[in-house]
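J.: First, the structure itself, so that you have it in front of you.
The values are calculated or read from the model by the stated rules, or taken from the named source; none is laboratory data. Source: prediction; values computed, not measured. Cβ placement follows ideal geometry from the backbone for every residue including glycine, while neighbour counts extend to all protein chains displayed.
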Amino acid sequence: MLWIALSAAVCLYPAVSTAQAAKPAITLDEFLNTTSISETRLAPNGGAAVIGTESPDWKNSSFRHDLWLWTAQAGLRPLTHSGSEENSQWSPDGKWVAFVSDRALAGEAAGTDGSPENSDAKASRIWIIPVAGGEALPLYREKLDVHAFAWSADGAAIYYAVTAPLTHEQEEARKEEWKDVVRWREQHRGDLLMKQLVTPALARAVAVEPPAKAEGAKPADGTGTKAGAEPAATLPPGAEVVTKSAFALGEIVLSPDGKMLAFVTEPVHHRTENPANYEIFLVAANGGEARQMTHNEAIESELRWSADSRWLHFAVSAAAGSLEGPYRDVQGRLYRLEAATGKTERLGAGFDGSFRGFVLLPDRRELALGQKGTESQLYLIEGEKATKLPGLAGTYTDLESARGTNAVLVQHSTLNKPTQVYLAADPLKPAQLTALTSFNPIFAERAQPEGQPYTWKADDGRTVEGMLIFPPGQKGSKHLRMLTLIHGGPAGADGDSFGADWYNWATLAASDGWLVFRPNYRGSTGYGDDFTLEIAPHLVSLPGRDILAGVDALVKDGTADPDHLAIGGYSYGGYMTNWLITQTTRFKAAVTGAGAVEHAANWGNDDETRDDAWLLGGRPWENPAIYQSEAALFQFDKVKTPTHLVQGGADIRVSYLEGVTMERALDQLNIPHSFLVFPGEGHGLRKNPWHGYIKVREELKWLEQYTGK
């Protein structure tokens, strides 16, 4: 017998219904015209902040990435203008902001024949802009893509990592020998970690850049390089090599005393095949041989030095292994490493949720974001202990601090309140917040869906939780048509947080009259490591039973209409959708995207294959029976559900060919289906906002056509 906990606020229902009925439903155009917050950086003294945003540029079929400056005196104003700025960092004195941008230098805007610049000519360089006002200037002109950077302790220099460049002669020799042939692993080169003095670099930039943005102007950089010509790939003038690495560098952080640099390595090919490629190294700030500090099967990230430069704190995110043993998809964890000895300690080990980031305050306290169930809150970390701080209901994300203040920046949202950036003057009181942004006000003017947690029992007695999102004014209603929308990962969870894009479109579906069921099946985070680990090796069959048990519970209690059920998901949510339509015919329509239908080829193609073998109990030749029994393709003769599928044409996480294989199977079986391919898009559909728009538009149409009202 299924146990259900469904807490509907019945006494408030009539008032909520009346209030929501007075507002119009949000439209698809409004929903996808949102501005998302991509980064926040607090000034060293806490008196200002840089906020990064991403927004669709419909006219140019691209996404803008902008930086904004907030001050208490002037509020929020644009800091940059080109629309391609990311990864900002304050100088130690708070007078400058450095960032990464692929904006063109003078002479790069057009080729020698006047034709538009092609994407191959772009380089993601470091730029520096004065906070008091003025134009941004490049730290260097050479065509070198920066991977990571950090200011020196005194602000006089910037350390940065780039792929070890070839000289013009070396590049020409390579082209002569290999033409356009790709040498899959052999052609890759590691990184150089370099140091560049800022003042001389900016002086050179001022001398080179024309005073006005004159298109086609020739750079007077003294190197003889002409506008539109390929510069020799030599090091920038004045750049010093601090150390070399056989790997790429993903993060760089300088110790507060200015003596030591820490960095995390990454594979040069950027495919996470082996977690052992991700390790922490230390090197003297004045140069030398780097010292490897970790040897494990975890993917370290978020490096932070303690104020006394003794400890290097870091995180291992969910489904990225751990320091405690062989690779496993455990929840997010926190650690620290003693720089002198290499000794590591796990922090907050008593917390049974998943850590999602942390900060270190000047007074040596550590705060972390912890996800537990359907909420993410702030926790004070003291050794193994994690104490929940009194916060607002909903979801806190992206915690940021600065060395000169105990104040912190944090983002917060609920299901129907868009994510905003807030300043917490007292970090131990995260309910007392000052709003710095007010993006996406349209949502407050539209009828809002309402959500609540929902729990049920799986067929083996396990308690499982998820979220129900009701159409506006219908919270607590019965016999609703229901869309089961499955999150990706599988690590991750759906909860009381805002989402409005091509991937997070649950509230749009609810506004369109659907009860949306978002199950946090086994494999999800926030419910303890055991709950997360139980997914292996039954990658889809065990979570599939969890999801179907939840659907059964909602039908049994009268919430969901059994004659109007639909299912959908993207990425791992697509895996699950593809599997579940082979297990039941109860769903009248399915919408799926970027989900594999078999696991052997997907193991070989996945750029994040680190956990594929763990999830399936071995590599394909080590556990072939599971690879077949957990694959939807081999049970496709059971499919009866009309299915709409989408795929990025350049996806290397779940190969585009998985979608081709699935479409062929549906075609052979005469199952009504539609297949959309988005050219040039990877797994995240980040290239062209129209692709996400068309995806959601057609998914809603498909659901309406085959499930209806």
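J.: Take ALA402 and tell me if it is touching a residue at least 60 places away in the same chain (Cβ under 8 Å) and touching a Gly at 6+ places or on another chain (Cβ under 7 Å).
T.: yes
J.: Among GLY513, GLY488, GLY473, which is the only one that is under 20 Å from GLY573 (Cα atoms), of a type in the set (Gly, Ala, Ser) and touching a strand residue (DSSP E or B) at 6+ places or on another chain (Cβ under 9 Å)? Full working, then the answer.
T.: On the way: GLY513 fails: under 20 Å from GLY573 (Cα atoms); GLY473 fails: under 20 Å from GLY573 (Cα atoms).
Unique residue meeting the criteria: GLY488.
J.: How many residues are within 23 Å of ASN605 (Cα to Cα) and either out of contact with any His (no Cβ under 7 Å at 6 or more places or on another chain) or modelled with pLDDT under 95 (or both) if we restrict to segment 655-673?
T.: 10
J.: Quick check on segment 68-91: of everything there that is part of a strand (DSSP E or B) and among the aliphatic types (A, V, I, L, M), which residue is farthest from PHE439 (Cα to Cα)?
T.: Applying the filter and picking the extreme gives LEU69.
J.: With touching a residue at least 40 places away in the same chain (Cβ under 8 Å), touching a helix residue (DSSP H, G or I) at 6+ places or on another chain (Cβ under 9 Å), closer than 21 Å to ALA590 by Cβ and in a helix (DSSP H, G or I) as the only criterion, which of LEU645, LEU657, LEU666, LEU633 stands out?
T.: LEU657
J.: Which numbered condition trips up VAL359, out of (1) assigned to a strand (DSSP E or B); (2) among the aliphatic types (A, V, I, L, M); (3) loosely packed, with under 15 Cβ neighbours inside 10 Å?
T.: Every listed condition holds for VAL359 apart from (3).
J.: Only one of ALA549, ALA509 is outside any loop (DSSP other than H, G, I, E, B), within 26 Å of PHE678 (Cβ to Cβ) and in contact (Cβ under 8 Å) with a residue 24 or more places away in the chain. Can you tell me which?
T.: Working: ALA549 fails: within 26 Å of PHE678 (Cβ to Cβ).
ALA509 is the lone residue from the list that is outside any loop (DSSP other than H, G, I, E, B), within 26 Å of PHE678 (Cβ to Cβ) and in contact (Cβ under 8 Å) with a residue 24 or more places away in the chain.
One line per residue, one yes/no per condition, for (1) touching a Cys at 6+ places or on another chain (Cβ under 9 Å); (2) surrounded by fewer than 24 Cβ atoms within 10 Å (Cβ to Cβ); (3) of a type in the set (A, V, I, L, M):
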site: ARG481; (1), (2), (3): no, yes, no
site: PHE498; (1), (2), (3): no, yes, no
site: ASP501; (1), (2), (3): no, yes, no
site: ASN504; (1), (2), (3): no, yes, no
site: VAL516; (1), (2), (3): no, no, yes
site: PRO519; (1), (2), (3): no, no, no
site: THR525; (1), (2), (3): no, no, no
site: ASP529; (1), (2), (3): no, yes, no
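J.: Restricting to segment 408-430, give me the number of residues that are in a loop (DSSP other than H, G, I, E, B) and under 24 Å from ALA500 (Cα atoms).
T.: Residues that pass the stated criteria total 2.
J.: Any chance segment 162-173 includes a residue that's surrounded by 13 or more Cβ atoms within 10 Å (Cβ to Cβ) and assigned to a strand (DSSP E or B)?
T.: Among the residues of segment 162-173, at least one is surrounded by 13 or more Cβ atoms within 10 Å (Cβ to Cβ) and assigned to a strand (DSSP E or B), which makes the answer yes.
J.: Filter segment 450-488 down to the residues that are small (Gly, Ala, Ser) and under 22 Å from THR592 (Cα atoms), then identify the one that is farthest from the chain's Cα centre (by Cα). Working first, answer last.
T.: The first filter runs over segment 450-488 and keeps only residues small (Gly, Ala, Ser), leaving 451, 458, 461, 466, 473, 476-477, 488.
Restricting the remaining residues to those that are under 22 Å from THR592 (Cα atoms) gives 466, 488.
Values: GLY466: 21, GLY488: 12 Å.
Ranking the qualifying residues of segment 450-488, first place goes to GLY466.
J.: Keeping to segment 578-621, report how many residues are in contact with a strand residue (DSSP E or B) (Cβ under 9 Å, 6 or more places away or on another chain), within 27 Å of GLY692 (Cβ to Cβ) and part of a loop (DSSP other than H, G, I, E, B).
T.: 5
J.: Is it the case that LYS695 is closer than 25 Å to GLY604 by Cβ and charged (D, E, K, R)? Even if it seems obvious, please write down each step before you answer.
T.: Values: closer than 25 Å to GLY604 by Cβ: no; charged (D, E, K, R): yes.
When the stated conditions are applied, LYS695 does not pass them.
J.: In addition: Please determine, by comparing only the residues of segment 378-403 that are in contact with a Pro (Cβ under 7 Å, 6 or more places away or on another chain) and of a type in the set (A, V, I, L, M), which one is nearest to GLY353 (Cα to Cα). Reasoning before the result, please.
T.: Filtering segment 378-403 down to residues in contact with a Pro (Cβ under 7 Å, 6 or more places away or on another chain) leaves 378, 389, 391, 396, 402-403.
Imposing the further condition that a residue be of a type in the set (A, V, I, L, M) reduces the set to 378, 389, 402.
Details: LEU378: 12, LEU389: 15, ALA402: 26 Å.
Taking the candidates together, the pick is LEU378.
J.: Additional query: Do we have ASP561 as of a type in the set (D, E, K, R) and not in a helix (DSSP H, G or I) here?
T.: Yes, satisfied.
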